[in-house]
1. Just to verify a number: FRET efficiency for B:D502 and B:R566, C-beta to C-beta distance, R0 = 41 Å, to 0.05?
2. Quick one: Karplus J couplings for region B:77-94, per residue in order, coefficients 6.51, -1.76, 1.60, θ = phi - 60°, nearest Hz, x for Gly and Pro?
3. For region A:99-140, build the convex hull from the C-alpha positions and give me its volume per residue in Å³.
4. Per the Kirkwood definition applied to all pairs of different Cα atoms, how many angstroms is the hydrodynamic radius of region A:119-167?
5. Specify, per residue and in Å³, the volume enclosed by the convex hull of the alpha carbon atoms belonging to region B:546-620.
6. Report the label-to-label distance for B:S480 and B:D607 in nanometres (one decimal), using points 7 Å from each Cα along the Cα→Cβ vector.
7. Mind ranking B:245-253, B:537-545 by how tightly packed they are, going by the mean number of other C-beta atoms within 10 angstrom, highest first?
8. Relative to the longest principal axis of chain A, what angle (0 to 90°, nearest 10) does the C-alpha long axis of helix A:2-19 take?
Amino acid sequence: MRWLRQVALVLLGLACAVAWPADDPHPPGRNRVTLMPLWSPQAQFAGYYVGIDKGIYARHGLDVRLLPAGPGLSPVDALSQGKADFAVLWLTTALRHRDRGLPLVNLAQMVQRSSMMLVSKRSTGIRTIADMNGRSVGLWGGDLSIPVYALFERERVVVREVPQGITVNLFLRGGIDVASAMWYNEYHTLLISGVDPGELNTIFIADEGLRYPEDGLYALESTAQARPAITTAFVRASLEAWAYAFEHPDETVDIVLHRMREARLPANRVHQRWMLDRMSDLMHTPSSDTRPGQLVRADYLAVGESMKREKLIAAYPTYDDFHWSADARDR
Amino acid sequence: MRVTGSIAARLVLVILLSGAVIYCFTLAYIFYESRAVLQREVETNSRNLALSLVNLVDARLTAVAKVTEALARTVEVVEPGEAELLALIRATVASNAEIRGSAVAYEPFAFDARRKYFAPYYFKDTGGLALSRLEDTYLATPYVHSDWYQIPRELQQHEWSEPYYDEGGGHVLTTTCSVPFYDTRNGRRELRGVVTADLSLDDLTAVIGSVKILEHGYASLLSRNGMILAHPVSELIMNDTFFSIAEARKDPAMRELGRRMVRGESGFVRYRAIAGFDSYMYYAPIPHTGWTLAVLFPRDELLAGTVHLLARTALLGLAGLVLLAFAVINVVRSMTGPLRRLSKAADELAQGNFELALPPARYHDEVGALTASFESMRTSLKDYIRDLTETTAAKERIQSELKVATDIQASLLPRVFPAFPERSEFDIFASMDPAKEVGGDFYDFFFLDDNNLCFLIADVADKGVPAALYMMVAKTLLKSEGQRLREPDAMLTSVNRILAADNERCMFATVFCAILDVSTGQLRYANAGHNPPVILDSNGLRFLAMKAELMLGPVPGTEYHTARLRLQAGDTIFLYTDGVTEAKDPRERLYGEQALREALAKVAGQDPATIIHSIRDDLRRHAAGAPQSDDVTMLALKFGGARPGGKVGAA
């Protein structure tokens, strides 16, 4: 009887494939593009999931596929290897790779300021960056710690660097004095692990004089030049999708949790809601002359100067060379 | 049945209300007391259950920890080569059923100066043991940055990792025991690496997750971060922490409870379960890992038995109260039934039916006593009524006899008017209206001889039969003595002597007595204490001036004296008793002499009958229906004029 069940399953699969035109690898009249987020599914990328699930990309004539992301998977590599048309990168990462010759262009700047924090337990007596001198500090690898290094350099602080993994357990167990944390992620993880905000001392990098915008949408310049209409449509649809996500937080969190469960990741509604709310804070600047998705010229120049000063890059392109837009192409 | 209307209703109400209140208080007391007892028992039971589960988990952890520790010490001491090391790890995994996998991970360049990373890992795979090299599998970030390596390394102590899903072995909830080992040669203590052993938690969490306390109670396991490791709601496991649930529920107290848990405290608390029911929770730490085990006893289900018992007791009580109500109604009916029958009999008794037999009393109780009293009252009343009937009959006989006496008395007074139709010299009229059947007043007139008319008016003190009898005697004596003695003073003196002689009862009479010589108008008169008569003559109206003398009867030997007066033609003398002037109106005001004078003045010159009728009418008007209190007697004589040739002062 086993063969009968197998036949039935095959038939069922065929039926689903027919009844599910979205699974058709080449939907007629839609341009297929690929997007690689920076990290595993979480509300940090809620807008893109919403854009796909709510058909916002489809309305803009796009068939967006998400590439798997997470530890060990580099969106920069995916872009350079042509696996991804678009990717979410930090501004610092993009500038570093542009400096090394990868022709990346910024399509939109989503997160307008750094969300990074240095967190310490109040009981350690650390209040300022200067207090961290000689203490053990958890630091992420890669480009994520660029702003922190810049800050330590500026303050002439020498710390005992401890590579920080993807959890905050080392900090929770008291293995390090200071931990790196994203406001929207690790900070809240500490809270829902039973640490009270009052027990923590927090320093926002953004409050120390440099805004360091983070998540932005990037593509190879060639991609943008070759497919300007699709690129423009992708940026517009992404911004629209984010707006929808912020307007419908409950639905959005449902979508995010679904993605997380698919990826067999711990899916915590409260945590994802916190993350979505913080993304809203980070993507909407208080100044009214900044549109969502805009790369602020002053912020760009400040980051470029800072990285040059830290000798992380030799030079950085002009704002107009770095920031791609359909209008600029016409120029 | 109005509440206040019936004894039965009031009794039932009071007894039932009191009973219900007492019953409710008792029930409430039992409820609170049994709940307290239950709570103490639950605390003991939940502690025992929690500790038994804690021991179950801890025993497993202890076993793995010992093996890991032993492996670490061996590696430390033996400093094995690669082949030896692999054999050692392989044997460790193979010989310990609890251990899913084990690794010996070295610090960079610690095992081999040419190799940066070295971490062989044996694990149980489908179909035997498999070897994996973690320096190769950890591509993105080296294993030295993993929690299982980094935390024991930084803390320099053995550590149980936060549980995680081991995807390599098929999504198994795993925790890793990590023990650092050192280079201890030449008295140094330099970290060389970390030995690990993986423990699958699936069967432990399955045991804990399947604990069922009553209907909905359960056991739960939390990690040091409050992460839910075992719970009947599977979506929560490895997704939610106790604190994220507290945040979702906006429950700071729950967060505080969670902080006590992860601090390693234990306790017994009231807690609103994630499933929404009220519960008692006991929580205790797992000593090895600092995890928390909690057991929840659903409060409602615990109390369900008690509540059920109380409900049944309440129902029984209700039935008892209904029974009590019936009993009370019955008893009260048996008491009030005779009372009602008695009341009905009393009503009939009141109607006058004294022959009625009272309902017999069944018991010698208060009702029986009341019935006896009623019976005695009935007999007394019956006797009394019989006596009364007899008395009334006797009284009626006396009344009828009195009526006869009245008639006789009336017949004694000259009642035919005109009394002397053949005599034109005078006109006389008199009337006597007795206050009772027989009066004490009387009047009389009679000729002593052809010219001398004796007339008198008298008032015997007291009224009724004695007065009438006295009056008879006085009247008879006055007439006989008048005819014998022919002078007023002698008449009165003589009659007084006779009356006073044998007057034990001290009765007396006032008498005005006059003798008119109708031929001359000469009037001789004497007064024994009577009101002075009124003279109506040409000068008008006046009371006859006279010397007042003692009344007849009380004092023996009283002497009376005669006065004289000459009447002219047309003069009228009006005699009356005090019944006239003392006649009362309804407001007890007396008629009085003034009213009499005015009334007489109006009829001056009229004939005596008219005068007397007029005064009687006036008196009736004055009385205006008020009962007559005294005999009213009047006598009027109008002198027509002296006969020619008549002698003055005859007799």
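Just so it is clear, none of the values below were taken in a lab; they were calculated from the coordinates. Just so it is clear, the structure is predicted and the values come from calculations on it, not from any experiment. Neighbour counts run over all protein chains shown; Cβ positions are idealised from the backbone, glycine included.
1. Working: r = 39 Å, r/R0 = 0.94.
The calculated FRET efficiency here is 0.60.
2. So the J values, rounded to whole Hz, are 7, 6, 6, x, x, 4, 5, 4, 4, 4, 5, 4, 5, 4, 5, 4, 5, 5.
3. Hull volume over Cα atoms, normalised by residue count, gives 142 Å³.
4. On the way: mean 1/r = 0.0879 Å⁻¹.
Taking the inverse mean of 1/r over all distinct Cα pairs, region A:119-167 comes out at 11.4 Å.
5. On the way: hull volume 9.8 nm³, N = 75.
Dividing the Cα hull volume of region B:546-620 by its residues yields 130 Å³.
6. Calculated label separation equals 3.6 nm.
7. Working: B:245-253: 15.7, B:537-545: 13.1.
Packing proxy ranking, top to bottom: B:245-253, B:537-545.
8. Roughly 80 degrees between the two axes.
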